[in-house]
Amino acid sequence: MAKLLVAFIVLLALATPSIAGDPDMLQDICVADYKSLKGPLRLNGFPCKRPENVTENDFFFPGLINPGNTGNAVGSLVTAANVNNLPGLNTLGISISRIDYAPWGLNPPHTHPRATEIIFVFVFPRGLVHFQKNIGNSPAVAIAAFNSQLPGTQSIAETLFDAAAPAVPSDTLARAFQIDGRMVEIIKSKFQHK
């Protein structure tokens with residue numbers, strides 16, 4: 001009986017890796033059809049183009065080739081290649097971004113609610129608040145990969161001080177950040193131009 005139990009455990013251990021992987025896709029491709037919400041098949045919110053309408057351009061995005069304009073308040077620009085601008089990524093569960101930094105530029109604290117992010121040697125699990133900063137005197141670039149075709153980005157400062165609906169009360173922000181109400185209003189005014 002003991003030998004049978006050991007054999008069963010070994011068999012189960014060998015089968016586990018094949019069970020633990022991601023499920024296979026239902027089809028080879030499902031190129032997002034932005035023009036029609038009445039496609040023959042809808043997955044992940046985007047209808048699929050009919051196969052006869054798929055072209056090589058559905059799998060090409062030139063936006064990661066050139067540096068982005070970092071002449072803004074934070075000194076960085078994120079150029080995303082996701083299902084919104086690269087229709088061939090639909091249902092594949094991946095996306096990639098290029099982040100350009102001016103000297104001392106900052107990619108402000110944010111989170112990705114639908115994806116884990118990896119930047120070379122840094123891994124940011126889904127939902128973890130994180131940021132990146134160029135601490136050098138020359139421009140820098142990073143390439144980030146995501147395990148989602150549309151990872152989402154939630155800017156912490158913009159959300160708290162401008163975009164939340166209903167708005168986060170000023171006294172709540174003052175207490176949470178341990179600053180006075182005047183400072184909260186100054187910070188809010190920086191975002192009102194958007």
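The values are calculated or read from the model by the stated rules, or taken from the named source; none is laboratory data. Note that this is a predicted model, so its numbers are computed, not measured. Cβ sites come from the backbone with ideal geometry, for glycine too, and all protein chains shown count toward neighbours. For the accessible areas, the whole protein counts, side chains as well, though only heavy atoms, and no ligand, DNA or RNA atoms are used. Shrake-Rupley method; radii C 1.70, N 1.55, O 1.52, S 1.80 Å.
Quick notes on this one:
- The set of residues in the stretch 119-153 that are over 20 Å from residue 91 (Cβ atoms), assigned to a strand (DSSP E or B) and open to solvent by less than 80 Å² (accessible area, probe 1.4 Å) comprises 119, 124, 130, 132, 140, 142, 144.
- Selected residue [in a strand (DSSP E or B), open to solvent by 20 Å² or more (accessible area, probe 1.4 Å) and either of a type in the set (S, T, N, Q) or in contact (Cβ under 8 Å) with a residue 24 or more places away in the chain (or both)] from 98, 114: 98
- Boolean, residue 108 is in contact with a strand residue (DSSP E or B) (Cβ under 7 Å, 6 or more places away or on another chain) and in contact (Cβ under 8 Å) with a residue 60 or more places away in the chain: no
- Of residues in the stretch 69-94 being aliphatic (A, V, I, L, M) and assigned to a loop (DSSP other than H, G, I, E, B), the one most open to solvent (accessible area, probe 1.4 Å): 73
- Residue in the stretch 176-185 that is buried (at least 17 other Cβ atoms within 10 Å of the Cβ) and among the aromatic types (Phe, Trp, Tyr) present: no
- Selection status of residue 157, touching a residue at least 40 places away in the same chain (Cβ under 8 Å) and either under 28 Å from residue 85 (Cβ atoms) or outside any helix (DSSP H, G or I) (or both): yes
- Any hit, the stretch 161-168, residues being acidic (Asp, Glu), loosely packed, with under 15 Cβ neighbours inside 10 Å, without any contact (Cβ under 8 Å) to a residue 40 or more places away in the chain and not in a strand (DSSP E or B): no
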